[in-house]
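First comes the structure, then the notes that go with it.
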Amino acid sequence: MLEVESYRSLAERVVGATVARGWSDAYAAKKLNSPSQWARTVRGRRITGTSRRGKLMLLETDAAPLGMRFGMTGVLLLDGDAGIDGLFYGPHTFRPTWVRAGLEFTDGRRLLLHDPRRLARVEIDPSLEDLGPDALSLTKAEFRAVVTIARGEGPAIKARLLDQSVVAGVGNLLGDEMLFRAGIDPRRPAGLLDPDEQRRLYQAFTQTMKTLARRGGSHLGDHMEGRLPGGHCPRDGAPMRSATVGGRTTYWCSQHQK
Ligand SMILES: [Zn+2]
């Protein structure tokens, strides 16, 4: 999601520009009625602003907003300039065949959605109803809702953090980093954290977002050094453990995460 925030910042440069034409392949248009719907809708639109909710980037226009999702490997390019330098998941190369969708402006500039794995999507007037509050500006009250489970003990805390309808923008690496910093086992039921653990997790949550935004990406967390098979905790040297939690490969320290 920190990557998406950097793409939003890049997209700020086209605010005020008018779309001359747009195009999309069938993969990027999967959430639309047809690939040509993007081209038909965007033509003549003026970009009036940008915003973001979690991993969804929004281009505000003089009509309904346009959405872009980047999947695991998608990046936003403006005239070929990458929004971020090092790409953790994606290849570091540009290939014209990997441009899934784009907007060309009347001033000649082009905003390109580049994605080798075909998981990036364009959307027209996307609904925000299914998305929780944004992770980058999560308040204490909003966090309380994340760790409050109406009935029973709830899912594993890692799965809860990844649930975009609960809080929007926590990906796999950010989730593991927060729990690493808070010293909490990712498999613990979300509803059973005690008040002290909740406090530690909220602090780790906001620190992780702020620190990794400053460092330049979700792949620059403290736990990454131990994030490999047979890896050791960079904090205390204990063996790291890994398992699938919340549908994603999760790493945690066998000693200080309880
Ligand atoms: Zn440790």
Starting from the Cα coordinates of the stretch 135-253, work out the convex hull volume and express it per residue in Å³. 95
Sum of side-chain charges, ARG100 neighbourhood, beta-carbon under 12 Å (Lys, Arg +1; Asp, Glu -1): +4
What number comes out for the charge environment of LEU212, summing +1 per Lys or Arg and -1 per Asp or Glu over other residues with Cβ under 12 Å away? -1
Cα-based helix-to-principal-axis angle, 2-11 vs the chain, degrees rounded to 10: 20
When only alpha-carbon atoms count, how far does the stretch 138-203 stretch along each of its three principal axes, as whole angstroms with the largest first? 28, 24, 22
Quick one: what do you get for the stretch 202-258 if you divide its Cα Rg by 2.2 N^0.38 Å? 1.17
Here the net charge surrounding GLN37, from other residues whose Cβ is less than 12 Å away from its Cβ (Lys, Arg +1; Asp, Glu -1), is +2
If you restrict to DSSP beta bridges whose two residues both lie in the chain, what percentage is antiparallel, to the nearest 5? 95
Against the longest alpha carbon principal axis of the chain, how many degrees, from 0 to 90 and to the nearest 10, is the axis of helix 195-215 turned? 40
Hey, if you drop one equal point scatterer on each alpha-carbon of the stretch 2-124 and run the Debye formula without solvent, what base-10 log of I(q)/I(0) do you get at q = 0.18 Å⁻¹? -0.87
Quick one: what do you get for the chain if you divide its Cα Rg by 2.2 N^0.38 Å? 1.08
By per-residue mean of other Cβ atoms within 10 Å, what is the highest-first order of 155-163, 199-207? 155-163, 199-207
Quickly rank 123-131, 5-13 as a protection proxy: mean count of other C-beta atoms within 10 Å, highest first. 5-13, 123-131
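Any read-out appearing in this document is the output of simple, stated calculations on the displayed coordinates, not a laboratory observation. Not measured: the values here are computed from a predicted model. Glycine gets a Cβ as well: all are built from the backbone with ideal geometry, and neighbour counts include every protein chain shown.
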